[in-house]
Structures are given as structure tokens and as C-alpha cells.
Amino acid sequence: MDSQCSSSVGSRATLRGVGNINSTLISSRIESYEAGEKKCISDVRRTFCLFVTFDLLFVTLLWIIELNVNGGIQEQLKQEVLQYDYHKSFFDIFLLAVFRFAALILAYAVCKVRHWWAIAITTAITSGFLIVKVVVSKLLSQGAFGYLLPIISFILAWMETWLLDFKVLPQEAGDEIRYLSVQSVPDREPLLYPGPVSEGQFYSPPESMADSDEDLDDKHDLEKPIV
């Protein structure tokens, strides 16, 4: 009986120790997740912001190369910026890239918006402007950059939309669901502990008498003198 009680007490202590370890791990995971949310943005959102920055830098690089190829940067800046012509200038495509960068970084890096409305606005404005500019202006008659800059800007804008809609938002939603499920574990965890074991659950049958009636009769027969 003592061995059974000691084994039950030991099993309860083991279960409680395991439960304490699990609760400690879960609480540490929750604290690390909350600290990460407070200090910085998620990895996939950071990748999206880097891609938006790459969009601006790449379009700027192409525009600078176009200025240098067509007769020098200073001269071309005067013609495309100071003497801006919608039908011939590439300066508005550069401004469109700056607009996308400013709007998306403000929405998804600074304000940490978790909706697609900002990227939808920037992509719609970019697509509409580029289509109208290619149809109305005379960019296609200005060499390779007349094709390259509008096409690159159009592709980068739609790649940003795809990255946000299919990578950033679904992954962050999944991380939030897992965080909420982990956070609710400590509330359910006490239900897994076994209840207190009462002494009545472990009992041994009453001890039998050391000497039964048959043993007593045998003893009396042995004690009789042999005639």
C-alpha cells in the first residue's frame, strides 16, 4: 500500500513538473511573439518593403541611364524636368515610382496596415497612367527606353501587388491565428492535471487471519499424545 501511494504521488509530481515546463515554454513563446510585434515588423513584410525600395531604385537607375544616353544628364534634366512635355518626357514615370514608394512604405511599414486597399490604389493609378501614356505619348519612337521604362514600371507594380496579396497578408494572418491558439493553451492547461488522489482510491484488502480454523484443528491433533 505504501509503494502504491508513493508511486501515485511521484506520478502526480511528474505530471505537475511536465505541466509547469510546458506552461513556461508557452509563456516564453507568447512573450517573444509580443516583443517581436512591438519592436519590428514581420520578415515577410520587411521583404515587401525591400522590394518596394528596389522598385524605386531600379526605375531611378534606368531613368539616369536614359538621361546619360540621350546627350548628358544636365541637358536632359532641363528638357525633361524644367521643360516638361507629357509626350516625350520620362520624368513622370520616375515620379510615379516615387509615389508608389512613399505610399506603400507609409502604409505597410510605418502604419503597418493589414489590408490590400493601399496597394490596390497605387497599382490602379500606375497601370492607368502608363497605359494612357503609352497610347497618347510618343515614347515608343524614342528608342529602347521608350519601351523599357513603361514595361518595367508596370511589371514591378503588379509584382508588388502579388507579393502583398499572396505572401504578406496570408502569412501574417496565419501567424496571428497560431499566436491566438498558443495564447489560449494556458487557459485550458489546468484541465489536463489529474485531480487529487484520495487515500480511499488505494487500499489493500483486509488481512486474513494468520491461523485459520483448519490450521488450529491440525495443531490440536498434533498436540494429542500418541497412544
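The values are calculated or read from the model by the stated rules, or taken from the named source; none is laboratory data. Nothing here was measured: the structure is a model prediction, and the numbers come from that model. Reconstructed Cβ throughout: ideal geometry from the backbone, glycine too, with neighbour counts over all protein chains shown. Side chains are part of the model used for accessible areas, which takes the heavy atoms of the whole protein and leaves out ligands, DNA and RNA. Shrake-Rupley method; radii C 1.70, N 1.55, O 1.52, S 1.80 Å.
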Subset of the stretch 140-155 that is touching a helix residue (DSSP H, G or I) at 6+ places or on another chain (Cβ under 6 Å) and either open to solvent by 80 Å² or more (accessible area, probe 1.4 Å) or of a type in the set (A, V, I, L, M) (or both) - its residue that is modelled with the lowest pLDDT: Leu140
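So that you can scan it fast, the table gives a plain yes or no per residue for (1) among the basic types (Lys, Arg); (2) in a helix (DSSP H, G or I); (3) at pLDDT below 85:
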{"residue": "Ser6", "(1), (2), (3)": "no, yes, yes"}
{"residue": "Val9", "(1), (2), (3)": "no, yes, yes"}
{"residue": "Arg12", "(1), (2), (3)": "yes, yes, yes"}
{"residue": "Asp55", "(1), (2), (3)": "no, yes, no"}
{"residue": "Glu80", "(1), (2), (3)": "no, yes, no"}
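Gln79 - would you say it is of a type in the set (S, T, N, Q) and over 39 Å from the mean Cα position of the chain (by Cα)? Talk me through it step by step, then tell me what you get.
Details: of a type in the set (S, T, N, Q): yes; over 39 Å from the mean Cα position of the chain (by Cα): yes.
For Gln79, the condition - of a type in the set (S, T, N, Q) and over 39 Å from the mean Cα position of the chain (by Cα) - is met.
State the number of residues belonging to the stretch 114-133 that are among the aliphatic types (A, V, I, L, M) and either open to solvent by 50 Å² or more (accessible area, probe 1.4 Å) or out of contact with any Leu (no Cβ under 9 Å at 6 or more places or on another chain) (or both). Lay out the reasoning, then the answer.
Of the residues in the stretch 114-133, the ones among the aliphatic types (A, V, I, L, M) are 118-121, 124-125, 130-132.
Narrowing the set further to residues that are either open to solvent by 50 Å² or more (accessible area, probe 1.4 Å) or out of contact with any Leu (no Cβ under 9 Å at 6 or more places or on another chain) (or both) leaves 120-121, 124-125, 131-132.
Final tally of qualifying residues: 6.
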By residue number, the members of the stretch 84-119 that are among the acidic types (Asp, Glu) and in a helix (DSSP H, G or I) are Asp92
Filtering the stretch 71-97 down to residues that are among the hydroxyl-bearing types (Ser, Thr, Tyr) and open to solvent by 40 Å² or more (accessible area, probe 1.4 Å), which residue is nearest to Gln142 (Cα to Cα)? Tyr86
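Please tell me if Leu62 is surrounded by 13 or more Cβ atoms within 10 Å (Cβ to Cβ) and at pLDDT 90 or above.
The answer is yes for Leu62.
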